[in-house]
1. Looking only at residues in segment 43-65 that are of a type outside the set (S, T, N, Q), part of a helix (DSSP H, G or I) and out of contact with any Phe, Trp or Tyr (no Cβ under 9 Å at 6 or more places or on another chain), which one is most open to solvent (accessible area, probe 1.4 Å)?
2. Leu132 passes all but one of (1) over 18 Å from His7 (Cβ atoms); (2) part of a helix (DSSP H, G or I); which number fails?
3. Residues of segment 103-123 being out of contact with any helix residue (DSSP H, G or I) (no Cβ under 6 Å at 6 or more places or on another chain) and not hydroxyl-bearing (Ser, Thr, Tyr), which ones?
4. What do you reckon, is Asp79 within 30 Å of Thr117 (Cβ to Cβ), out of contact with any strand residue (DSSP E or B) (no Cβ under 7 Å at 6 or more places or on another chain) and open to solvent by 50 Å² or more (accessible area, probe 1.4 Å)?
5. Keeping to segment 216-250, report how many residues are part of a loop (DSSP other than H, G, I, E, B), at pLDDT 75 or above and in contact with a Gly (Cβ under 8 Å, 6 or more places away or on another chain).
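The values are calculated or read from the model by the stated rules, or taken from the named source; none is laboratory data. From a predicted model like this one, the values you see are computed outputs, not experimental measurements. Note that each Cβ is placed from the backbone with ideal geometry, even for glycine, and that neighbours are counted across all protein chains shown. Note: areas computed on protein heavy atoms with side chains; ligands, DNA, RNA excluded. Shrake-Rupley method; radii C 1.70, N 1.55, O 1.52, S 1.80 Å.
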Amino acid sequence: MRVFLSHGSRIKPLVREVRSCLPEHVGTWIDEKDLLAGDPLERRIRNAIQSDCDFLVVFLEDSVVKSEWVARELAWARDEELRLGRPFIIPIVIEDAELGELSWLRERIYLRCHGYTEVDISRLASELSSALFGWLSRDIERLRRPPEPGPNDLAILDRADELLQVTARQVRTIVMPHRRGNPIRIGMLYDRLVSTGQVPMSSPEELNELLFRLRERKLLSGITIAAGKIFVEEEHLSWRLHESLAAKQAIAEYATDFIESGSVVFIDGGSTALQVCKSICRNMRFRAWDSLTIVTNSPPAAAECAALASDLGLDDYDQRLQLYSIGGRMRMNAATVVNMPEGDSQIPVIAEHLGGFDLALCGTNGIHWPTGCTTASPLQAKGKALALNLSRRRVIMADSSKYNMLQ
């Protein structure tokens, strides 16, 4: 779920604090985070409201009434309400704001911010989270009882697909720590899902039907269900990208600080490493380094670098960025290139050509004592070991969901 935070500049500090208190699985769109210098302002904001977000949360206080931008954002949001056939705008009234032309928002049930203390902000964030997931629950209920056919059928189908995606993420989050050696029972998964209040069900049988639908839609790839139990057989990049995203982004920002200008950096495949590459590309736009050489076995990471080179207009021999991509067979679920089972890896060849790697940034599927860093693929483990051994400095990256995970 993603929400657009509409507000005036006077209360931006309050909006930041509310945003920081929201659950990790509630994504937010806010101008200072999602807009970059040079962005086409009106088009980006309108697309965010009408294409990228599920709700618009507007913080109402005196200065907002005079804000032309907030007026535009609300107009686009009302158009989105007509398209969806359901409320899209959630108002939050700051103290006793005079709303003037926006007084129509008082006709709706609204949330209220009573103060600016930590307790007030935490309570507001909790109430907003409950409201958002209340709407999600209502939408899921609507899907269980399909409406009569009408002009908004396509929008309803789009919403149904989105709700399945949200539910699949909830299932994956709960099942993530469980592998073949420690599966979770379906009944326990049912209890965990119901306790969140985000996936309304009345019996474990409904969960079985839901799991069947998710598997049919290929939304549970890598997850095995057998004998009343469920566990992760192997993580897939397509859904790892959404798990612990904030932690991975923080890790990426920290890891990027290890990079020095002129370095030869090996970037491993995986979701955390991909966030590192995104962080590197952002920093390169602001000329954080005079030159950098990237070596990677991750096609998505290579694509990020290639897009950056195109945006900056770099030619083949521009020293600001040199990119070396490892060749071989791509593991589809991990989007990582590995060598052929009996073949020699290209990693040592490229390392020798470049005089070794200054830094290796590698992810891991699990950290287990006393085993060490673990992954499900022997070929991928071999590639990681080669890169680490050929590097002068090594950084292993893992968020807390990887702790005590044995592959």
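1. Arg43
2. Against the list (1) over 18 Å from His7 (Cβ atoms); (2) part of a helix (DSSP H, G or I), Leu132 comes up short only on (1).
3. Quick first cut of segment 103-123, residues out of contact with any helix residue (DSSP H, G or I) (no Cβ under 6 Å at 6 or more places or on another chain) only: 103-110, 112, 115-120, 123.
Hits for segment 103-123 are Trp104, Leu105, Arg106, Glu107, Arg108, Ile109, Arg112, Gly115, Glu118, Val119, Asp120, Arg123.
4. So Asp79 does not fit the description; no.
5. Here the count works out to 2.
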